[in-house]
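What follows is a single structure, written as structure tokens, with notes after it.
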Amino acid sequence: MGSFLWGCVTDFFTYETTKSVVVKSWSVGIINRIVQLLIITYFVGWVFIHEKAYQVTETGIESSVMTKVKGFGHYHNRVMDVADYVFPSQGEGIFCIMTRLITTENQFQSKLITGVCLKTSNDSQGWCEVKGWCPVENDNVKDKSVIDVEDFTIFIKNSIRFPLFDVTRGNFPSTMTSEEIKSCKYNPEQSPFCPIFRVGDILNYTGQNAADLAEKGGEIGIIIEWKCNLDQNIDYCVPKYSFTRLDAPFAKNAISKGYNFRFAKYFKTDNGTEFRTLHKVFAIRFDVMVTGNAGKFDAIPTLINLVAAFTSVGLGTVLCDIILLNFMKGAEQYKAKKFEEIEASLAQSPASQFSLKPDIKSSYDSGAISLSNSEHPI
């Protein structure tokens, strides 16, 4: 038992150092170089393809959006302009264009019959009454939609800033004249930087039909994406637009389909009695969403990733050692040369500090031992 414990102690207090063994084998050498080349190619290619590998990246984009809708529509023999069909009127990043309207006029505060009230005596029944606005709204009204909604235009003015790099950009060129803006319409290929968007085109980009959306309303997302490589000319920092229907998961639901809201206008009679007109608005809601990031070259992430790449070259050595120690002829000779055990005594003279174990030959070529196929059939 004591010898076992002493063996554990002596094995624990040992020192291991690397030893260079040169194996002259075509097959192993080719495998080693191919693995090293593949690793270097992969990592170096990854570093230069992925901008984040050599750039400082900022995702905290600051953004401001202003919108303006233009166009004339027709509804119930009335001409409607933006003051009639756009909500809210301030020109924000979220706005609605009305497509259909249910109006309940001359509502007064009164009592409503809401349902059956079961009484506790004589099994008689009566009607429950609550106070509210009468007459009540009729949701079953089928009415036509606003005509010409597809021809309305939306002007989007978006300014962004990357505070880390103090870079500010706008969504259309500063050299663009008012005449050019008025005459252009956004097209992803012909006019990708035009800030005027036709409603019908936006719906087409999302695969939606204006007539279907007009019936129940819906939500459309206008996404402005800024991806800027600030190592290039700042003129290449431009927006990219995409469009999607945000309420698509609920489009086929039996309830809560589309988009609508209510508002009321209040009046008073000559004797001071208050009444109102209730409006239920079905609309297409537009959400302008801005995302983006900017990157610029930095030496620190570049060096970190390159060091990681070249460090990984050691995987080639690991693979070749596995092959030599387990799958090739002469594995025992290679194992004997690679793993050599010596005993060191600090009390000996400098010329004989280390003694090799029996049957182990010393090497005088800076720690390198050469194995060739002629001497050892590996």
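If R0 is taken as 51 Å, the Cβ-Cβ distance between E92 and I304 corresponds to a FRET efficiency of 0.75.
The orientation-averaged shadow of the Cα convex hull for the stretch 62-295, equal to a quarter of the hull surface, comes to 20.1 nm². Percent of alpha carbon pairs in the stretch 145-196 separated by more than 14 Å? When all Cα pairs of the stretch 145-196 are counted, 63 percent exceed 14 Å.
Heavy-atom accessible surface of C8, to the nearest 10 Å², is about 60 Å², with a 1.4 Å probe and all protein chains retained.
In the distance distribution for the stretch 155-261, Cα-Cα pairs more than 19 Å apart total 54 percent. Peptides 321-334, 60-73, 284-297 ranked from most to least packed by the mean count of surrounding Cβ atoms within 10 Å: 284-297, 60-73, 321-334. On full extension, the segment bounded by K131 and V22 gains 29.5 nm, given 0.36 nm per residue less the C-alpha separation.
Our coupling estimate for the stretch 176-187, obtained by passing each phi through the Karplus curve with A = 6.51, B = -1.76, C = 1.60 and θ = phi - 60°, is 6, 8, 5, 5, 5, 5, 5, 9, 9, 9, 4, 8 Hz, Gly and Pro reported as x.
Using 0.36 nm per residue of separation minus the Cα-Cα distance, give me the extension gain between T269 and T311 in nm, one decimal.
Numbers: separation 42, 0.36 × 42 = 15.12 nm, distance 8.63 nm.
Result for the pair: 6.5 nm of gain on full extension.
With both labels modelled 7 Å from their Cα along Cα-to-Cβ, the T103 to E189 distance reads 4.5 nm. Across the stretch 204-209, computed HN-Hα scalar couplings (Karplus, 6.51 cos²θ - 1.76 cosθ + 1.60, θ = phi - 60°) run 5, 4, 8, x, 9, 10 Hz from first to last residue, x flagging Gly and Pro.
Given Cβ point charges of +1 (Lys, Arg) and -1 (Asp, Glu) and nothing else, what value in debye, to the nearest 20, does the dipole of the stretch 62-295 about its Cα centre take? Before the final figure, lay out each step's value.
Numbers: 27 positive and 28 negative charges, 103 e Å.
The dipole of the stretch 62-295 has a size of about 500 debye.
For the stretch 62-295, the residue among F172, N229, F155 whose Cα projects farthest onto the positive side of the dipole built from Cβ charges is F155. Distances between placed amide hydrogens fall under 5 Å for Y259 paired with G217, G218, A283, all partners being 5 or more residues away or on another chain.
The values are calculated or read from the model by the stated rules, or taken from the named source; none is laboratory data. What you see is a predicted model; the values in this text were computed from it and never measured. Positions of Cβ are generated from backbone atoms using ideal geometry, with glycine treated the same way; all protein chains shown enter the neighbour counts. Surface areas here come from the heavy atoms of the whole protein model, side chains and all, with no ligands, DNA or RNA. Shrake-Rupley method; radii C 1.70, N 1.55, O 1.52, S 1.80 Å.
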